[in-house]
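Student: Pasting in a structure now, in structure tokens, and then I'll have a few things to ask.
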């Protein structure tokens, strides 16, 4: 295990320690979230009683393999907490960019239904200003027109492609545009502008959603709060 992997695992273990018996838990998507699911699986095997809602089919498959009981929003009105990773964490404030793993819409639905959103990451994800690629999930019809309107906001826009060379499609059946922005001075304004474009379903900007983050570095795990 390299240093980065060890740091991610330390953050995952700190976050999973917040899970208590009887909780309903949201399970994130991505390499760091997968570490948390693995830790949670060990606790379930040791007797922890929880139910969980995954944010992707990939996470659902992992959770089932570990014996974590899954539920859905038909049976569960609210989640006690969600543990998920992030591609960028801006401090202070815990504004996030998420969705490079392609699950941003489901991640945002689960986060919005959670009493607590706990972010786990290594220190390399911590930034002063959000910048770079912001994933945007869109409807397929008119994708070219949607891309042009996003580009008019100052982004370099490219449709995400899968490993097979075909356009990437999310678990919800939608394409994703990867939109590269310069440093974002006003994330709420950009989020509002993106959401105002017809054809945009969800953006990878997660603003005002995370209450705390466990960020691991060479010196250990730091707990950040809003």
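Student: State whether region 90-206 is rounded, prolate or oblate according to the following rule on the C-alpha gyration tensor (a ≥ b ≥ c being the square roots of its eigenvalues): a/c under 1.5 gives rounded; otherwise a/b larger than b/c gives prolate, and the remaining case gives oblate.
Tutor: Values: a/c = 1.58, a/b = 1.30, b/c = 1.21.
Prolate is the answer for region 90-206, as a/c is 1.5 or above and a/b outweighs b/c.
Student: Considering only DSSP beta bridges whose two residues both sit in the chain, what percent are antiparallel, to the nearest 5?
Tutor: Numbers: 25 of 45 bridges.
Here the share of antiparallel DSSP bridges comes out near 55 percent.
Student: Using mean Cβ contacts within 10 Å as the protection proxy, how do 21-32, 39-50, 131-142 order, highest first? Please report the intermediate quantities before stating the final value.
Tutor: Numbers: 21-32: 21.8, 39-50: 15.1, 131-142: 18.9.
The most tightly packed comes first, giving 21-32, 131-142, 39-50.
Student: Under Stokes-Einstein, with the Kirkwood radius over Cα pairs standing in for Rh, what whole-number D in µm²/s applies to the chain at 37 °C and 0.692 mPa s?
Tutor: Numbers: Rh = 17.8 Å.
Value of D from the Cα-based Kirkwood radius: 185 µm²/s.
Student: Please report the Cα spread of region 132-201 along all three principal axes, rounded to whole Å, starting with the longest.
Tutor: The principal-axis extents, from largest down, are 36, 22, 20 Å.
Student: Given the DSSP H assignment, sum -39500 (n - 2.57) over each helix run of at least 4 residues in the chain and divide by its residue total; what's the result at 222 nm in deg cm²/dmol, nearest 500? Mind showing how you got there, number by number?
Tutor: Values: 6 runs with 65 residues, N = 226.
Rounded to the nearest 500, it is -8500 deg cm²/dmol.
Student: Explain nothing, just the number: relative contact order of region 132-201, from Cα pairs under 8 Å at least 6 residues apart, as a whole percent.
Tutor: With pairs under 8 Å counted, the relative contact order is 47 percent.
Read-outs: derived from the displayed coordinates by stated rules, not from any lab. A quick note: this is a predicted structure, and the numbers were derived from the prediction, not measured. So basically every Cβ, Gly included, is an ideal-geometry build from the backbone, and we count neighbours across all protein chains shown.
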